[in-house]
Amino acid sequence: MKNVFIAAITLLLFSCTMKNTAKTYTAEEIAAESKRVNEYLDRKFDESVLRNPEWAANMGFKVNYGEWSDRSEENSDRELAIAKSNLDSLEKNFNLNCLDAQTQLSVSMLREDLQRWEEGRKWRNHGYEITQMGGVHNDVPSFLINIHQIDSAIDAEHYLSRLQKIEKVIDQTIVNLKKSEELGVYPPYFTFHYVTDDIKSFIDGCSKTDASNILLSDFSSKVDALAIDKSHKGMLKQQAAEILSSSVKNAYQKLLDYWVQLEVKAKAKGDNGAWSLPDGEKYYASQLKFHTTTNMTPDEVYALGEKEVARIQNEMHQIMKQVNFKSDSLQDFFAFVRTDKQFKYSNNATGKKQLLSDANNYIDEMRKELPTFFATLPKADLVVKEVEAFRAKSAGGAFYEDPALDGSRPGRYYVNLYNMDDEPKYQMEALTYHEAIPGHHMQIAIAQELQNIPKFRRHEFFTAYIEGWALYAEKLGKEAGKYQDPYSDFGRLSMEIFRAARLVVDVGIHHKKWTREQAIDYFMKNTANASGDIEHEIERYFLWPGQATGYKIGMIKIQELRERAKQQLGEKFDIKKFHDVVLTNGAVSLSTLEELIDKMIEENK
């Protein structure tokens with residue numbers, strides 16, 4: 001059946017037949033209609049960006065620069081209605097039977113996006129609006145500090161406008177929290193102290209003029225860099241101080257008051273997985289499908305995780321022999337790498353500087369190897385940054401943020417240096433390949449820079465594809481001759497087994513009703529990560545059902561497709577062509593990726 005599909009798609013490059021007619025079209029007609037469709041798709045994408053100021057700013061566009069995006073359910077419904085209308089108009093006003101293969105794929109993906117959106121709408125009040133992983137309390141200051149650039153006095157005025165409108169953002173968030181509360185959906189109890197501490201810290205700083213007032217410090221430093229007179233700078237900074245100490249502080253206090261009373265109700269419920277929510281089993285199944293883009297059942301995911309954990313532990317035993325470890329026990333080896341000082345950065349300025357330097361060195365050395373594996377390279381720059389102090393305590397260990405489309409902001413690989421014990425030396429190489437190159441930065445920057453697909457596809461998000469690629473990139477580092485230190489190679493395996501264990505634990509928490517302690521115990525027995533890191537990770541899985549399963553399932557699919565291509569193409573297999581197909585179509589579902597690779601195989605036979 002796949003070959004029939006591939007042949008049909010290939011034929012579209014030369015001609016296409018209208019449904020129920022014998023009429024065929026020339027290549028010129030196909031190109032013209034495809035151009036019309038892509039122009040329509042880009043126009044509708046631009047209109048959606050105009051309606052979403054924060055999204056626009058993330059991409060580097062100063063559109064409605066003094067506004068926040070609308071977080072209300074009513075706006076979400078409006079956006080869904082617009083998306084349906086756009087698709088309906090596309091189907092009525094264009095000849096979708098006469099398009100080139102790439103435009104056919106774009107239309108198919110548009111339909112798939114709408115289906116995913118409608119499915120997600122059923123569960124929008126099941127998701128946790130605020131946790132230590134994210135939420136308006138930290139997202140607002142993070143956005144203003146990292147995204148809102150001030151290149152002129154007008155930009156500064158827009159910053160002040162956003163400060164004045166934070167109260168509306170908080171109000172909309174509280175409304176959404178209350179709708180979840182009405183359903184009986186409360187975040188797990190453990191998340192409350194993190195969020196409460198962050199909100200209190202922010203409130204305490206709002207009336208101060210020192211570094212604890214993070215937004216005043218940010219605004220002042222940006223304004224000081226402007227080429228305007230001193231008195232104007234002083235006036236702007238005074239306005240910011242007044243807004244922060246009044247309306248912003250009051251808005252955050254309102255959020256804290258509600259959050260504290262919500263905590264009492266959450267305490268009674270405790271720490272439970274998705275199974276405890278209304279229609280929890282259906283909700284979890286929906287989240288698994290969303291994040292894996294497969295129809296795998298929870299039990300199938302669980303069994304795959306157990307299988308992968310066993311396989312990777314066998315490889316770990318080989319590393320133990322290589323370094324002449326005295327014991328045959330993995331538990332002993334895990335204890336060794338968790339505690340031995342040779343694997344730790346010092347918990348001071350020197351250690352932090354060394355970690356950031358190591359990350360940059362790994363990136364620099366990997367850049368030299370990229371031409372061997374890739375025909376397409378990203379143009380966007382990349383920087384390594386420490387997670388800011390205001391969110392370090394509750395943020396993850398490392399993450400990536402996209403570059404701006406106009407080149408005004410590079411891609412950013414953040415490393416959390418709050419607890420240096422959670423960032424061991426032996427994992428730093430694999431972590432850098434995952435978050436930077438050839439991982440997230442490579443994939444996301446290339447997608448954003450593509451010119452042969454409509455804009456919406458340059459910003460698609462499929463967990464299994466995006467995280468699967470980044471995990472695949474860790475293994476690719478070994479093919480490039482990296483991980484020369486066997487402990488660093490063990491770090492690669494420890495990162496991979498961490499993702500394999502997620503398959504077991506995520507299902508354990510949300511389907512098999514595991515407790516937080518059971519989940520932590522499984523990780524302590526089967527992975528080498530530090531206990532603090534494990535606790536943060538387990539909490540993340542409670543807060544984000546299904547998401548953690550996308551990494552390993554995506555990696556396995558990419559590896560499986562690569563092996564298929566190698567077997568069928570033999571000497572004709574070209575790793576650069578394979579990676580080009582994977583990366584130059586933007587993020588896609590795993591089934592779509594399989595179709596693209598099968599098409600490449602047929603064309604190269």
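Bear in mind that the values in this text are calculations on the coordinates, not laboratory data. All of these numbers come straight from a predicted model, not from anything done at the bench. Quick reminder, even Gly has a Cβ in these numbers, built from the backbone with ideal geometry, and neighbours come from all protein chains shown.
With +1 on each Lys and Arg Cβ and -1 on each Asp and Glu Cβ, how big is the dipole of the chain about its Cα centre, in debye rounded to the nearest 20?
280 debye
How do Val195, Val309 rank when sorted from fewest to most other Cβ atoms within 10 Å of their own Cβ?
The most exposed by this proxy come first: Val309, Val195.
Give me the extension gain from Glu47 to Val63: residue separation times 0.36 nm, minus the current Cα-Cα distance, reported in nm with one decimal.
Contour length minus the Cα-Cα distance gives 4.7 nm.
Tell me the label-point distance for the pair Ser327, Asn95, using the 7 Å Cα-to-Cβ offset, in nm and rounded to one decimal.
7.3 nm
If the only charges are +1 at each Lys and Arg Cβ and -1 at each Asp and Glu Cβ, what is the size of the charge dipole of region 410-469 around the Cα centre, to the nearest 20 debye?
In debye, rounded to 20, region 410-469 gives about 400.
If each of His193 and Phe399 carries a label point 7 Å out from its Cα toward its Cβ, how far apart are those two points in nm?
Output for this residue pair reads 2.2 nm.
Could you compute the FRET efficiency for Leu370 and Gln261, with r as their C-beta to C-beta distance and R0 at 41 Å, rounded to 0.05?
For Leu370 and Gln261, the calculated efficiency is 0.20.
Any idea how far the Cα center of region 534-563 sits from the one of region 306-340, in Å?
Comparing the Cα centres of region 534-563 and region 306-340, I get a distance of 22 Å.
Counting only other residues whose beta carbon sits under 14 Å from that of Asp197, what net charge do I get with K and R as +1, D and E as -1?
My count for the surroundings of Asp197 gives 0.
Students often get this wrong: which residues of region 415-443 have the backbone nitrogen under 11 Å from the point 7 angstrom along Cα-to-C-beta of Thr350?
Under 11 Å, as judged by backbone N against the label point of Thr350, lies no residue of region 415-443.
Could you list the square roots of 5 times each eigenvalue of the Cα gyration tensor of the chain, that is, the equivalent ellipsoid semi-axes, sorted largest first and rounded to whole Å?
37, 34, 25
Normalised by the number of residues in region 362-463, what is the relative contact order in percent for Cα pairs under 8 Å and 6+ residues apart?
Relative contact order, region 362-463: 31 percent.
Excluding residues fewer than 8 places away in the same chain, name every one of the aspartates and glutamates whose C-alpha is closer than 12 Å to that of Lys513.
Hits, sequence-local ones excluded: Asp271, Glu281.
When the convex hull of the Cα atoms of region 136-270 is projected onto a plane and the area is averaged over all directions, what value comes out in nm²?
That works out to 8.0 nm².
So if R0 is 22 Å, what FRET efficiency would Lys282 and Asp171 give, r being the distance between their Cβ atoms, rounded to the nearest 0.05?
0.10
Sum up the lysine pairs in region 88-233 that clear both bars: alpha-carbon distance under 16 Å and a spacing of 8 or more or different chains.
5
Just going by the charge dipole of the chain, with Lys and Arg at +1 and Asp and Glu at -1 on Cβ, which of Phe573, Tyr283, Ala392 is farthest out on the positive end?
Phe573
Rank the residues Asp113, Asp204 as a footprinting-exposure proxy: fewest other Cβ atoms within 10 Å of their Cβ go first.
Going from least to most buried by this count: Asp204, Asp113.
Given the C-alpha centroids of region 156-196 and region 415-476, what is the distance between them in whole angstrom?
With region 156-196 and region 415-476 each reduced to a Cα centre, they are spaced 29 Å.
Quick one: Ile453, Ile228, fewest Cβ neighbours within 10 Å first, how do they rank?
Ranking Ile453, Ile228 by Cβ neighbours within 10 Å, fewest first, gives Ile228, Ile453.
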